[in-house]
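The following block contains the structure, expressed as structure tokens.
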Amino acid sequence: MSDDSRSSLSGGRTAAVIPAAGRGVRLGPGAPKALRALNGTPMLIHAVRAMAASRAVSLVVVVAPPDGAAEVKALLDTHALPERTDFLVVPGGDSRQESVKYGLDALPPGVDIVLVHDAARPLVPVDTVDAVIEAVRDGAPAVVPALPLADTVKQVEPASEPGMPEPVVATPERARLRAVQTPQGFDRATLVRAHETVTGNVTDDASMVEQLGERVVVVPGHEEAFKVTRPLDLVLAEAVLARRRANDGF
Ligand code: CTP
Ligand code: MG
């Protein structure tokens, strides 16, 4: 697709906001999660490259750990990105939601589609990124990539005291459940409105748009878009990178 046909379809640019300000408590002690290395390259750089791999993405806004913006800027300066991709670095906040808000605040005029992508999902394939953008261009105000669940899910009543068994309240029908990933894609104005009006704890951006009563749709996610959360996920991520390298003909 040419640059011209892209801009005529969407009317403007597509930007990716990458929240990377978390500490990574569940990963254990060490550097902030986004700065931890995967095969020698910081996780954040993998995530930025994954967004920049889409020809539609012309701006990447990285939301850095509050005291690490200069370090992140230096990292981006030393790791090559495609020439078509600009980047900005802003400091993050105490919650993911706040960090995303700071990223949105930094978007210049002319951006009308926004992807929000966890730095902790460094290996999402470009086809998934493009599928999300395409669905937003086709008119959905919010798009989430998602996969069916392997495990059955139980809803429980929190235990009365730590260590006590938790009573099961319900078992949602697994076939109708989806585990959602990022990048989530949005009409910019809709996402900004969601961040201005929805309060309370949320774990993804699409749920804020749901609370506005706007339509949110799911497209197929990818198993390589998993979130690096616990130590075993680092092992898996490095195995995925090793498999890619082998398939690239080494
Ligand atoms: N994030 C952020 N600002 C915060 C908290 C989280 O930008 N205050 C980002 C993380 O950097 C990550 C993404 O949101 O890329 C998803 O969050 P999660 O996987 O929970 O990362 P952490 O919060 O860093 O990990 P943990 O919850 O284990 O501390
Ligand atoms: Mg977290």
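The values are calculated or read from the model by the stated rules, or taken from the named source; none is laboratory data. No experiment lies behind these values; they were computed from the predicted model shown. Using ideal geometry, Cβ is built from the backbone for each residue, glycine included, and neighbour counts are taken over all protein chains shown.
Yes or no: region 26-37 includes at least one residue that is out of contact with any Cys (no Cβ under 7 Å at 6 or more places or on another chain), modelled with pLDDT of 95 or more and more than 16 Å from ligand 2 (Cβ to nearest atom).
Yes, there is a match, as at least one residue in region 26-37 is out of contact with any Cys (no Cβ under 7 Å at 6 or more places or on another chain), modelled with pLDDT of 95 or more and more than 16 Å from ligand 2 (Cβ to nearest atom).
How many residues does region 175-196 hold that are in contact with a Leu (Cβ under 6 Å, 6 or more places away or on another chain) and free of Cβ contacts under 8 Å to residues at least 40 places away in the same chain?
Matching residues across region 175-196 total 2.
Among the residues of region 60-102, how many are over 17 Å from the mean Cα position of the chain (by Cα), buried (at least 19 other Cβ atoms within 10 Å of the Cβ) and within 14 Å of ligand 1 (Cβ to nearest atom)?
Final tally of qualifying residues: 2.
For region 192-242, give me each residue that is within 14 Å of A179 (Cα to Cα) and β-branched (V, I, T).
Within region 192-242, T203, V217, V218, V219 meet the criteria.
Residues that are farther than 30 Å from L241 by Cβ and at pLDDT 95 or above: which strands (runs of 3 or more DSSP E) entirely in region 97-181 hold 1 or more of them?
By residue number, 111-116, 142-148, 168-170.
Let me ask something else. Which residue out of A80, A106 is out of contact with any Cys (no Cβ under 9 Å at 6 or more places or on another chain) and either without any contact (Cβ under 8 Å) to a residue 24 or more places away in the chain or among the aromatic types (F, W, Y) (or both)?
The conditions single out A80.
Could you list all residues from region 206-246 that are among the β-branched types (V, I, T), away from ligand 1 (no atom under 16 Å from the Cβ) and part of a loop (DSSP other than H, G, I, E, B)?
Once the filter is applied, which keeps residues that are among the β-branched types (V, I, T), away from ligand 1 (no atom under 16 Å from the Cβ) and part of a loop (DSSP other than H, G, I, E, B), region 206-246 yields nothing.
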